[in-house]
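Peer 1: Provided herewith is a single structure, encoded as structure tokens, for subsequent inquiry.
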Amino acid sequence: QNGYRVLIAVDGNDAIALFAEHEKSIDLIITDIMMPLMDGIVLTRALRKLSPSLKIIVSTGLAFGTTEFDKKKELGKLGVSIFLTKPYKAETLLKAVHEALSSDAQRSLISIL
């Protein structure tokens with residue numbers, strides 16, 4: 001509806017396989033911190049090895065307490081700067097996607113609540 005082509009992965013392993021298959025046509029990955037089999041940090045590390053400049057947005061339903069803050073800090077070191085806190089509206093997601101794709105948003109830390 002908004003002009004984006006979306007590929008859906010069922011877990012982190014599937015995301016890596018999809019990325020490897022469609023690398024040339026993927027500009028952005030949106031993932032969750034908590035996922036089965038492979039969490040968002042492990043997925044981000046793997047994707048960084050395949051494509052160091054890939055834009056990544058991380059989403060979470062957890063409040064950023066101490067453990068989550070450490071995860072956010074670690075993701076920041078991996079070049080992730082846009083974080084979405086669930087629940088969020090479609091317009092919030094679209095704004096984050098636009099920021100990630102249209103600028104140097106990855107240079108500054110952005111939390112969208």
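Peer 1: May I ask for the Kirkwood hydrodynamic radius of the range 1-67, worked out over all distinct Cα pairs and given in angstroms to one decimal? If you can, show how the numbers build up before the last one.
Peer 2: Details: mean 1/r = 0.0789 Å⁻¹.
Taking every pair of different Cα atoms in the range 1-67, averaging 1/r and inverting gives 12.7 Å.
Peer 1: Report the calculated FRET efficiency for Arg5 and Asp32 (r = Cβ-Cβ distance, R0 = 25 Å), to the nearest 0.05. Mind dumping the intermediate values first?
Peer 2: Working: r = 20 Å, r/R0 = 0.81.
With a Förster radius of 25 Å, E is 0.75.
Peer 1: Can you pull out the chymotrypsin sites (Phe, Trp or Tyr not before Pro) in the range 2-88 that DSSP calls coil and that have at most 13 other Cβ atoms within 10 Å?
Peer 2: Numbers: sites: Tyr4, Phe19, Phe64, Phe69, Phe83, Tyr88; in loops: Tyr4, Phe64, Tyr88.
Here the chymotrypsin sites (Phe, Trp or Tyr not before Pro) that fit, given the DSSP loop and packing criteria, are Tyr4.
Peer 1: Ignoring ligands, DNA and RNA, please state the percent of accessible area on the range 1-48 from carbon and sulfur, probe 1.4 Å.
Peer 2: Details: 1660 of 3060 Å².
The value for the range 1-48 is 54 percent carbon and sulfur by accessible area.
Peer 1: Provide the FRET efficiency to the nearest 0.05 for the Lys86-Ser53 pair, computing r from the beta carbons and using R0 = 22 Å. Intermediate results must be reported in sequence, preceding the final value.
Peer 2: Details: r = 27 Å, r/R0 = 1.21.
Result of the calculation: an efficiency of 0.25.
The values are calculated or read from the model by the stated rules, or taken from the named source; none is laboratory data. For clarity, every value in this text was computed on a predicted model and none was experimentally measured. Because the Cβ atoms are built from the backbone with ideal geometry, glycine has one as well, and the counts that use them run over all protein chains shown. Just the protein is used for accessible areas: all its heavy atoms, side chains included, with ligands, DNA and RNA removed. Shrake-Rupley method; radii C 1.70, N 1.55, O 1.52, S 1.80 Å.
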